[in-house]
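Novice: Before we start, here is the structure in question, set down as structure tokens.
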Protein chains: 2
Amino acid sequence: MARRRDLADQQQRLSAATWSVLAARGLPGLTLRAVAERAGCTTGMVLHTFADKQALLVHARELLHWRTGQRADVAQAAAGTPRAALRAVLLQAASPTEEKREEARVWVGFLAAALADPVLADLHRSYNRRFVDRIAALVAAACPDWPSADCAAAATSLVALVEGLNVLAAVDPATYSDEAQHSAIDTALARLDAPL
Amino acid sequence: MARRRDLADQQQRLSAATWSVLAARGLPGLTLRAVAERAGCTTGMVLHTFADKQALLVHARELLHWRTGQRADVAQAAAGTPRAALRAVLLQAASPTEEKREEARVWVGFLAAALADPVLADLHRSYNRRFVDRIAALVAAACPDWPSADCAAAATSLVALVEGLNVLAAVDPATYSDEAQHSAIDTALARLDAPL
DNA sequence: GCGTTACCGTAACGTACGCTACGGTCTGGA
DNA sequence: TCCAGACCGTAGCGTACGTTACGGTAACGC
């Protein structure tokens with residue numbers, strides 16, 4: 001036996017470095033050397049912690065999901081009514097702050113990467129469906145008399161709206177300002193109160 | 001004087017090849033060699049037609065905008081009422097066919113590229129704002145008594161919804177099926193008939 | 001204190017990239 | 001018919017990538 005390392009800690013540090021590089025230079029700039037430099041170590045250490053670059057990517061993708069899920073949990077728990085919880089979760093999923101805008105850029109990067117990487121595509125589908133299910137459950141709680149099919153349809157629409165706002169705001173924050181995103185979500189939610 | 005070439009034709013062929021590669025292999029797979037192979041020529045010819053890779057990307061981005069704009073024109077002209085035109089334009093912007101799904105993948109690729117490339121970002125903003133303006137004009141025509149600010153807000157919401165559907169369907173066509181996209185758009189349009 | 005061994009930095013490999021220089025090829029005008 | 005020259009395929013440049021092999025180094029058991 002000899003030197004022991006804290007594997008989990010190393011993975012987290014490298015995940016943070018991966019995130020930082022991803023936000024600063026985008027997906028094309030995400031290289032092992034850049035991650036190592038940001039983490040203050042060498043590529044050798046990176047590839048001793050993660051088997052290869054794809055493992056690092058997968059870990060960073062899980063980190064993104066964990067962050068957004070965590071924030072959604074907080075927003076949901078802080079709200080009083082189901083309706084308020086729905087609104088809070090949707091609003092936090094949009095990107096009013098610079099931190100969220102950074103997340104949106106990273107999200108777009110992973111989305112584009114998923115188009116050519118089956119593993120990342122599977123992760124994306126899984127995480128997105130989980131988000132849709134969460135929204136569907138909140139819609140069902142806010143509108144108890146709705147059939148579940150309508151809740152599911154409303155959930156997919158709301159998620160599409162939120163992700164669309166995120167994506168468009170990532171590259172054009174002037175047109176898709178915080179207020180524009182806010183009003184878009186509130187207008188969509190107003191439909192829940194007065195269904196056809 | 002000597003051999004003459006059809007520059008416009010070559011540019012169009014190479015743009016189409018860029019398009020094809022982007023749809024098939026995603027943004028990381030978009031290399032000059034891949035484009036040349038798809039176009040049946042060499043990298044030398046590619047770089048004699050376009051100054052560099054960015055010029056090729058810009059031309060392909062313009063081609064994408066031209067295609068979608070063309071299709072929107074057709075849908076808009078074929079509709080009878082402003083309301084029908086709005087619905088037709090939004091529905092064709094979604095991706096019910098494999099061809100549109102390919103366009104959506106390409107769109108995502110350019111979006112991700114725009115995050116790191118200011119020139120592509122400018123193009124993206126310009127084209128997207130033009131699309132928002134088109135939708136806003138159709139909303140204004142369909143709802144003549146609305147203030148223009150409300151039309152603009154509705155337009156940004158509708159565009160965000162449509163692009164969100166496109167983006168999500170590109171990577172998860174099962175969850176975001178044609179019917180789901182259809183009903184999402186129709187539900188959003190129904191709000192125009194019964195404003196608050 | 002010392003050897004063993006897990007750990008990781010160093011260096012380099014092979015590959016693929018964007019891009020360029022050059023020379024062959026084919027065309028259009030005289 | 002023939003030549004000037006526009007055109008483009010070939011080959012390779014320099015660079016950066018992911019990955020690997022190896023040797024130094026530091027810590028744990030005895």
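Quick note: the coordinates plus some simple rules give every number you see, no bench work behind them. Predicted, not measured: the structure shown is a model, and the values here were computed from it. Cβ coordinates were reconstructed from backbone atoms using ideal geometry, including for glycine residues, and neighbour counts include every protein chain displayed.
Novice: Mind jotting down the distance between the C-alpha centroids of the range A:153-196 and the range B:167-196, whole Å?
Specialist: Value for the Cα centre distance between the two parts: 12 Å.
Novice: OK, next. Starting from the Cα of B:Glu37, step 7 Å toward the Cβ, then list every residue of the range B:4-22 with an amide N under 12 Å from that point.
Specialist: Inside the label zone: B:21.
Novice: Same structure again: Provide a whole-number value for the mean count of partner chain Cβ atoms within 10 Å of the Cβ atoms in peptide B:20-29.
Specialist: Details: counts 0, 0, 3, 1, 2, 2, 6, 7, 7, 2.
If you average over the peptide's residues, the count of other-chain Cβ atoms is 3.
Novice: Return one number: the angle in degrees, 0 to 90 and rounded to the nearest 10, between the long axis of the Cα atoms of helix A:98-114 and the longest principal axis of the Cα atoms of chain A.
Specialist: 80
Novice: Could you give the distance between the Cα centres of the range B:64-109 and the range B:21-56, to the whole Å?
Specialist: Each part reduced to its Cα centre gives a spacing of 26 Å.
Novice: Rounded to the nearest 500, what is chain A's calculated 222 nm mean residue ellipticity when only DSSP H runs of at least 4 contribute -39500 (n - 2.57) each, over all residues?
Specialist: Working: 9 runs with 154 residues, N = 196.
That calculation yields -26500 deg cm²/dmol at 222 nm.
Novice: Principal axis lengths of the range B:64-196 from Cα atoms, whole Å, largest first?
Specialist: Ordered largest first, the range B:64-196 gives principal extents of 41, 33, 28 Å.
Novice: I need the semi-axes of the equivalent ellipsoid of the range A:1-50: take the C-alpha gyration tensor, multiply each eigenvalue by 5, square-root it, list largest first in whole angstrom.
Specialist: 22, 10, 7
Novice: Moving on to the next point. Tabulate in residue order the Karplus-calculated ³J(HN,Hα) for the range B:132-141, using 6.51 cos²θ - 1.76 cosθ + 1.60 with θ = phi - 60°, rounded to whole Hz; enter x for Gly and Pro.
Specialist: 4, 4, 4, 5, 4, 5, 5, 5, 4, 6
Novice: Please state the relative contact order of the range A:1-50 as a whole percent: Cα pairs under 8 Å, 6+ residues apart?
Specialist: Values: 31 pairs, mean separation 18.2, N = 50.
Worked out over the range A:1-50, it gives 36 percent.
Novice: Also, quick follow-up: Starting from a label point 7 Å past Cα on the Cβ side, list the distances from A:Arg5 to the same position in the other copies, nm, shortest first.
Specialist: From this label point to the equivalent ones elsewhere in the assembly: 5.1 nm.
Novice: Given a Förster distance of 56 Å, report the FRET efficiency between B:Ala77 and A:Val119 from their Cβ-Cβ distance, rounded to the nearest 0.05. Provide the component values of the computation, followed by the final result.
Specialist: Details: r = 44 Å, r/R0 = 0.78.
Calculated value: 0.80.
Novice: List residues of the range B:57-93, by number, whose backbone nitrogen lies under 20 Å from a label position 7 Å along Cα→C-beta of B:Asp193.
Specialist: What the label zone holds, given the 20 Å backbone N cut-off, is B:79-92.
Novice: Counting only other chains, and only Cβ atoms inside 10 Å, what mean value do you get across the residues of B:168-177?
Specialist: On the way: counts 11, 1, 5, 11, 8, 1, 2, 7, 5, 1.
The shielding value for this peptide is 5.
Novice: For the protein assembly as shown, what is the per residue volume of the convex hull drawn over the alpha-carbon atoms, in cubic angstrom?
Specialist: Numbers: hull volume 65.7 nm³, N = 392.
Hull volume normalised by residue count: 168 Å³.
Novice: Say a label goes 7 Å from Cα toward Cβ at A:Trp66 in every copy; what distances in nm does this one have to the rest, shortest first?
Specialist: 4.8
Novice: While we're here: Go through B:23-32, A:163-172 and give me the packing order, highest mean Cβ count within 10 Å leading. Kindly include the intermediate steps, with their values, before the conclusion.
Specialist: Values: B:23-32: 17.9, A:163-172: 24.5.
Highest mean packing first, the order is A:163-172, B:23-32.
Novice: A follow-up question, please. Got the relative contact order for chain A handy, in percent, Cα pairs under 8 Å and 6 or more residues apart? Please report the intermediate quantities before stating the final value.
Specialist: Working: 168 pairs, mean separation 37.7, N = 196.
After rounding, I find 19 percent.
Novice: Can you tell me the FRET efficiency between A:Asp9 and B:Arg4 if r is taken as the Cβ-Cβ distance and R0 is 51 Å, rounded to the nearest 0.05? It would help to have the intermediate numbers written out before the result.
Specialist: Details: r = 66 Å, r/R0 = 1.29.
Using R0 = 51 Å, I get an efficiency of 0.20.
Novice: With no solvent and one equal point scatterer per Cα, compute the Debye intensity ratio I(q)/I(0) for the range A:137-196 at 0.14, 0.16 Å⁻¹ and report its log10, rounded to two decimals.
Specialist: At q = 0.14, 0.16 Å⁻¹ the computed log10 ratios are -0.44, -0.55.
Novice: Moving on. Give me the orientation-averaged projected area of the Cα convex hull of the range A:1-127, in nm², one decimal. Show your work: numbers first, answer last.
Specialist: Values: hull surface 38.0 nm².
Taking a quarter of the hull surface, the average projection is 9.5 nm².
Novice: How high is the relative contact order of the range B:93-196, given as a whole-number percent (alpha carbon pairs under 8 Å, six or more residues apart)? Intermediate values should be presented prior to the final figure.
Specialist: Values: 66 pairs, mean separation 33.0, N = 104.
For the range B:93-196, the relative contact order is 32 percent.
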